[in-house]
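Bear in mind that the values in this text are calculations on the coordinates, not laboratory data. This one's a predicted model, so the numbers in the text were calculated from it and none came from an experiment. For neighbour counting, all protein chains shown are included, and Cβ atoms are generated from backbone atoms with ideal geometry for every residue, glycine included.
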Amino acid sequence: MANGVPNISVVSSDVTPEGACTPGVSKVVYTNNGTGGNAGAAYNITTTVGMTNNNTSPSYKGLDNGQKLGNFSINGEPGVGITMNIATAGTTSAPFGLNVNQFTSDPDGVGTGLDDLDGDGQYDDLAPGKSFTIYLNRIYIPDTVSCPRKTYGQDQLASTLSYTSMCSSTVTSTQMLNGRGGSTYSLLPNFESNDSRPDLW
Ligand SMILES: [Ca+2]
Ligand SMILES: [Ca+2]
């Protein structure tokens, strides 16, 4: 049997700040640091993207009373990249669910980023050494507010990624938390190694 282990890192950051009348742009980069060719690929990827305001016992949500996430896109910023369909809408108590199995053609080029490695017609697989990026807007509620307005709220961007391995076991990362203003914090959902602890770096 082929050997390989997916090892996914999830890193979110802010591309541009959120202005009083201009949405901020943020992104989440998902990278497979695994080994083993297609045996180490992550298949049937789904993600969630939301906000949290507590790194230790987070609530995880798509909007709150002052801010919401939206305009999710891949392979480019909102308005430039490919718009993503929302699988499950974010609420004040749940993040947005985003499934990349919506892509029935390659969204980012052959051999780059997401590919259809298992031949099911869905470009929702990520080989070792590959990465893909989801971009989104952070938008104040209401979407135009009087100035001056604080640049960022208390909420921090967060994301999870789930996949199945070649052996069909499902792995879900723990919630990815990020500080305000683009600091990063990633956790690897590599629970298929003998080490049951998530790797932190
Ligand atoms: Ca591709
Ligand atoms: Ca596929």
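What the table below lists for this structure:
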quantity	calculated
Residue list for segment 114-142, filter: touching a residue at least 60 places away in the same chain (Cβ under 8 Å), outside any strand (DSSP E or B) and farther than 24 Å from Ser168 by Cα	Ile141
Residue list for segment 67-111, filter: under 22 Å from Thr52 (Cα atoms), of a type in the set (Val, Ile, Thr) and in a loop (DSSP other than H, G, I, E, B)	Ile86, Thr91, Thr92
Residue satisfying condition, being closer than 16 Å to Thr46 by Cα and β-branched (Val, Ile, Thr), within set Thr92, Thr112, Thr104	Thr104
In segment 30-40, the residues that are within 14 Å of Ser162 (Cβ to Cβ) and either of a type outside the set (S, T, N, Q) or free of Cβ contacts under 8 Å to residues at least 24 places away in the same chain (or both)	Tyr30
Residue match in segment 60-74 (condition: surrounded by fewer than 17 Cβ atoms within 10 Å (Cβ to Cβ) and farther than 19 Å from Tyr140 by Cα)	no
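Per-residue answers, yes or no, for (1) closer than 16 Å to Leu161 by Cβ; (2) away from ligand 1 (no atom under 16 Å from the Cβ); (3) among the small types (Gly, Ala, Ser); (4) touching a Cys at 6+ places or on another chain (Cβ under 7 Å):
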residue	(1), (2), (3), (4)
Val28	yes, yes, no, no
Asn71	no, yes, no, no
Met84	yes, no, no, no
Ala89	no, yes, yes, no
Thr104	no, no, no, no
Gly111	no, no, yes, no
